[in-house]
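Below is one structure; the comments refer to it alone.
The values are calculated or read from the model by the stated rules, or taken from the named source; none is laboratory data. Remember, it's a predicted structure, so these values are computed and weren't measured experimentally. As a convention, Cβ positions derive from the backbone with ideal geometry for all residues, glycine included, and neighbour counts pool all protein chains shown. In case anyone asks, the SASA skips ligands and DNA or RNA and just uses the protein heavy atoms, side chains included. Shrake-Rupley method; radii C 1.70, N 1.55, O 1.52, S 1.80 Å.
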Amino acid sequence: MPDTASKRRPLLATAALLLALVPAGAAFAADSLDSRIGEGLFRRMWVAAPTATQAADGLGPLYNARSCATCHPRGGGGRPPDPASEGDQGVGFALKLSGDPVYGRQIQSNAILGQVIEGRPTVAYREETVRFPDGETVRLRRPTHGVKDLGYGPLAEATALSARVSPRVHGMGLLDLIPEAELQAEADRQSRDGVVAGRPNRVPMDGVPRIGRFGWKATHPTLAQQDAEAFSLDIGMSTPDYREPWGDCTPAQTACREAHHGDSKQFEGLEIPSTVIGLIDAYLRTLPPDGSLEAPKDKAGGALFAATGCAACHRPSYTTGADPAHPTLSKQVIFPHSDLLLHDMGDGLADEVPMGEARGRDWRTTPLWGLNRLAKDDGRLSLLHDGRARSVTEAILWHGGEAEKARKNFMDLPRDARKRLVRYVLGL
């Protein structure tokens, strides 16, 4: 039986080539070799099988992106297509399906040579005006999503669509170390207080229910599992958690399933072995939340954030647990401004694509840290799960359900106070 070092040797040789592709003088998030290799793999443009370099092939056959960085440029998030720009497909934008017998769980808009794409996601907006009590108005965009150029016939009549933009990935290593007991304790506290009713999305992992913390509906308990699903659905490559080398291709898509795949005996019979997932995980763990490791300095803005009710779900801080494997991330007080729990957000944001214990109206509280990097673009942002909100104000105005009272409190604030609260959020 080959030892661990011999198993890693082909991968490390390929990783050396990947490092050569990184621009000279690039600032790495950490000095460790694993993190540097992980960054190269995060940027790696995967190719279709077969190739001479088995560690680099296996793309698709159907896919949305060829690399992690395509959907998360500079560790940031995605945006929806611009309906005014012909052919624009957005960045990190995908359509989830409620489970179609032909198209599976997600529409794949790209294909390797010889395969047929599933379709091209579309979005159209209907603008609506919201008027504040003081007379100020804001225009909201209500999206309608669809698919054109369907490659395998019509979607099933019962299939529901739900759009997603890729989230920002900074700070995920710290979120991964929040103890499950703390997340459950926060849910219990909210249940006792009765102001909001956050609850965990418990999903099976190795046969044991775990609390999800990643994904728009908190569908993944760990960073590694989140990475693994992204490889399967978005890039079409097999991992230890999603072993099908054809990704999301269904039995009805026979050409996709019968195409060349990149699974290899030397890589655990997979296209993306556990070693690669671990290296990418090592890189992502080193990405700090854009300078938000300290407590917010705007105390008045924080008090306003709490008084309106925003902090009821967007919990300002947690303390990470102890992990000998990641001492620099352990026992840190962090300020993600999220409880990582599911909340009923009302009909305005609801979809018909339940995930685990998350129903159509349920969404995980989005961490707000890192918005300081985007502050200058407020008004041109892509916030919420489908990127419909162009500003922090628009995002707040879409809140309903458990957040309806906080939304009303925000609307009732004097204009200067509303601006102060928005500045606070954009400073996180």
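Taking amide hydrogens as placed 1.01 Å from N in the peptide plane, the amide H of ALA389 sits under 5 Å from those of LEU383, each at least 5 positions away in sequence or on another chain. Within the listed set THR70, THR328, THR159, the residue fluctuating most in the Gaussian network model of the chain (springs between alpha-carbon atoms under 10 angstrom) is THR328.
Karplus-based coupling profile of segment 346-355, in residue order and whole Hz: x, 5, x, 10, 5, 10, 10, 10, x, 9, with θ = phi - 60° in 6.51 cos²θ - 1.76 cosθ + 1.60 and x standing for Gly or Pro. Taking a ≥ b ≥ c as the square roots of the eigenvalues of the alpha carbon gyration tensor, segment 309-396 is oblate, as a/c is not under 1.5 and a/b does not beat b/c. On a per residue basis, the chain carries 44 Å² of accessible surface, using protein heavy atoms and a 1.4 Å probe.
Let me know the shape class of segment 114-177, please: from the alpha-carbon gyration tensor, a ≥ b ≥ c as square roots of the eigenvalues, rounded when a/c is under 1.5, otherwise prolate if a/b is greater than b/c, or oblate.
Values: a/c = 3.07, a/b = 1.29, b/c = 2.38.
Oblate is the answer for segment 114-177, as a/c is 1.5 or above yet b/c matches or exceeds a/b.
Using all pairs of distinct alpha-carbon atoms, the Kirkwood hydrodynamic radius of the chain works out to 22.6 angstrom. If you run the Gaussian network model on the chain, springs between alpha carbon atoms under 10 Å, then out of ALA325, ALA358, ALA228 the most flexible one is ALA325.
Remark on segment 274-428: Rg and Dmax equal 16.7, 54 Å (Cα only). Both radii are taken from the alpha-carbon atoms of segment 197-323; with Rh as the Kirkwood radius, Rg/Rh is 1.10. Note on segment 118-259: with charges restricted to the Cβ of Lys and Arg (+1) and Asp and Glu (-1), its dipole about the Cα centre is near 400 debye. Amide H contacts under 5 Å for ARG199: LEU342, restricted to partners 5 or more places along the chain or on a different chain, H placed in the peptide plane at 1.01 Å from N.
If I compute solvent accessible area with a 1.4 Å probe over the protein chains, what percent of it on the chain is carbon and sulfur? Before the final figure, lay out the partial values.
Numbers: 10190 of 18930 Å².
On the chain, the fraction of accessible area on carbon and sulfur atoms equals 54 percent.
Residue by residue, segment 298-307 carries 3J(HN,Hα) couplings of 7, 5, 5, x, x, 5, 5, 4, 6, 5 Hz when phi is fed to the Karplus relation 6.51 cos²θ - 1.76 cosθ + 1.60 (θ = phi - 60°); x denotes Gly or Pro.
Given LYS376/LYS405; LYS148/LYS265; LYS217/LYS331; LYS217/LYS297; LYS299/LYS331; LYS148/LYS376, which pairs have Cα atoms separated by over 32 Å? Pairs exceeding the cut-off: LYS148/LYS265; LYS148/LYS376. Remark on the chain: CYS68, CYS71, CYS310, CYS313 stand apart, with no other cysteine beta carbon under 4.7 Å.
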